[in-house]
Each structure stands twice: as structure tokens, then as C-alpha cells.
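The structure appears right after this line, and notes come after that.
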Amino acid sequence: MGYAVKGIGSTVKWDPVRAERLFRALRDDRPLATTPRPRARTRAVPVEVAPQQIRVRVENGTRTPGLAKRVDAALRVTGFRTTGRPATARDTSVRRTVISYDPRWDRSAKSLAAALPGSVLRPVPGLGPTLKVTAGTEAHSVREVRTDVPDRTGSAVVRGDEVGCA
């Protein structure tokens, strides 16, 4: 761009090598733009239910001050819908983190358990859609999880013969 031609003014200088690539791509029905390199995937664990669909209440099952608050914040950062109101559990001698869940939400419980390595699943009929995490003394790490459902919100590459004009 901005290639000056005497008597004409500013023009665009044709690049014969790049032009050939452009027209070859058009003839071969290939994309004109290069696809950006995908970002390096995090070591997120694949799960069935997206964390954004899972509601969680966190309780501290230990005597460690602020543990429930830290676990609640870590779950929220990884996408879980926490209540944001951590509490102290009745039992403060919990060793392994316990996930209490209504059996109707077992897939959500498994997804949450993948984010809390070493946790124990405990079905509680009638608990409802909000899962309860009782943080124990043994493990407090929260792993990132993701679903393998493709993103349908973005645009996809289509060919000219696949699109009709109205």
C-alpha cells in the first residue's frame, strides 16, 4: 500500500508470489486466512458437566481458619457457581474433603469431584441441586476442569456452495 506511481499517485503494488497463492487457494476452495495457532491447553480435566452449571456451597470441616473461604474462592475462579457464603461445618474433624450431593445430580457431583482431587462423594437424597463441599484437612487443591463440548457460539469456516443468499 502507498506505492507511488508517477502521474497516477498512491497505488497498491501487486505481489506476484502472494497473488498466486491467493488465487490458488480460491481455485482449490481453501481458506484464504491462516488459522491462528491454538493456545496451549491447560491441564484441565475433562468432565461431563461444565462447572458453570454446578452450584456449590462450601463448609469448613476443620479448625483451620479461612479454609472454606479459600476453597470457595478457588472453585469460583475455576468456574463453579459457589454461593459465596462459606460456613463452618458441624463436624470440624473432617480429614478427606466430602462432596455431599442429591443422587439426581450425580454427574455434577462427579465433575466437582474431578476438580477436588482426593475428595469423597456422599449421596444425600433430597439435598437438592446445590452440592455441598465440606473441606477436610488432607487436600485443598482445586484443579481446572472443562467439558469437551465444542463451542457453538463462534463462527465456523463454510464454503461458498454451503451458504445460500436470501
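The values are calculated or read from the model by the stated rules, or taken from the named source; none is laboratory data. Since the model is a prediction, treat every value here as computed from it, not as a measurement. Here the Cβ is made from the backbone with ideal geometry for all residues, glycine too, and neighbour counts use every protein chain on show. Note: areas computed on protein heavy atoms with side chains; ligands, DNA, RNA excluded. Shrake-Rupley method; radii C 1.70, N 1.55, O 1.52, S 1.80 Å.
Let's see how each residue does on (1) at pLDDT below 95; (2) open to solvent by 10 Å² or more (accessible area, probe 1.4 Å); (3) not hydroxyl-bearing (Ser, Thr, Tyr):
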residue: 101; (1), (2), (3): no, yes, no
residue: 104; (1), (2), (3): no, yes, yes
residue: 110; (1), (2), (3): no, yes, yes
residue: 118; (1), (2), (3): yes, yes, yes
residue: 121; (1), (2), (3): no, yes, yes
residue: 125; (1), (2), (3): no, yes, yes
residue: 132; (1), (2), (3): no, yes, yes
residue: 135; (1), (2), (3): no, no, yes
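Taking residue 148 as the residue in question, decide whether it is over 30 Å from residue 25 (Cβ atoms), open to solvent by 80 Å² or more (accessible area, probe 1.4 Å) and at pLDDT below 95.
Judged against the criteria, residue 148 is a match.
Conditions tested, residue by residue: (1) without any contact (Cβ under 8 Å) to a residue 60 or more places away in the chain; (2) in a strand (DSSP E or B).
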{"site": "25", "(1), (2)": "yes, no"}
{"site": "32", "(1), (2)": "yes, no"}
{"site": "43", "(1), (2)": "no, no"}
{"site": "58", "(1), (2)": "no, yes"}
{"site": "70", "(1), (2)": "no, no"}
{"site": "92", "(1), (2)": "yes, no"}
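The set of residues in the stretch 76-94 that are more than 16 Å from residue 44 (Cα to Cα) and surrounded by fewer than 13 Cβ atoms within 10 Å (Cβ to Cβ) comprises 84, 85, 90, 91, 93.
Close contacts from the stretch 103-125, counting a first residue that is touching a residue at least 60 places away in the same chain (Cβ under 8 Å) and a second that is of a type outside the set (Gly, Ala, Ser) and open to solvent by 60 Å² or more (accessible area, probe 1.4 Å), with Cβ to Cβ under 8 Å and a gap of 6+ residues or different chains, come to 110/48; 110/121; 111/48; 114/143; 115/143; 115/144.
Of all the listed residues (76, 57), the sole one being within 13 Å of residue 133 (Cβ to Cβ) and more than 19 Å from the chain's Cα centre (by Cα) is 57. Filtered by the rule that a residue be open to solvent by 20 Å² or more (accessible area, probe 1.4 Å) and in contact with a helix residue (DSSP H, G or I) (Cβ under 8 Å, 6 or more places away or on another chain), the stretch 51-75 gives 53, 59.
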